[in-house]
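Structure record follows, encoded as structure tokens.
No lab work stands behind these numbers, since they all come straight from the coordinates. Computed from a predicted structure; not experimentally measured. A quick note on method: Cβ atoms are made from the backbone with ideal geometry, for glycine too, and the neighbour counts reach across all protein chains shown.
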Amino acid sequence: MTAPSAAILLTGNELLRGVISDRNASFLAADLELRGVRVRRTLVVGDDVEDIAGGLRELAASADLVVTSGGLGPTHDDRTVEAIARVAGVGLVLDQGVLDTVTRWTDEISTRQGLDPAMGTRNNATELWTGIDYGNYPNARVILFGLNMTF
């Protein structure tokens, strides 16, 4: 019996431009190989929906399985699901169960990000997110979640 074959499609302009290095392909390939799936190819495409669709078509023509990484988030450039629907010739439909789960996750994240240590207060009077002023430590600075926080 011949082992099934796979190809990996990585999406993201940040990968193409070298802004970030890919670490997913080696993980996916190793995991697939451990499961008896022979990885034949890895392809990187940008965020354009037609580039993603083209990559899907190309890889699907030569592999039993195409594994994607990237393009599944909530931003305007996350287009993998749309490209899969195009290649399959179907539309997109709302899955209320998935939406409810994602909404619950994001509500939990939003709540956590809105929490501050009880001993400080946000100082938003002059600039949004200038930080937390703790008074007792006027010279200490902390960068947390991309926010400049002073305490």
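Here is how the numbers come out for the structure above:
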{"quantity": "Charge tally in the Cβ shell below 11 Å around PRO4, where Lys, Arg are +1 and Asp, Glu are -1, PRO4 excluded", "calculated": "+2"}
{"quantity": "Under-5 Å amide H pairs with THR42, H placed in peptide plane, nonlocal only", "calculated": "ILE8"}
{"quantity": "Residue-count net charge about LEU59 - beta-carbon cut-off 12 Å; Lys, Arg +1, Asp, Glu -1", "calculated": "+1"}
{"quantity": "Label-point separation, LEU16 to THR103 (7 Å along Cα→Cβ), nm", "calculated": "3.5 nm"}
{"quantity": "Karplus-derived HN-Hα couplings along segment 10-18 (A = 6.51, B = -1.76, C = 1.60, θ = phi - 60°), whole Hz, x at Gly and Pro", "calculated": "9, 10, x, 4, 5, 6, 5, 7, x"}
{"quantity": "Equivalent ellipsoid semi-axes - Cα gyration tensor, segment 32-89, angstrom", "calculated": "21, 13, 10"}
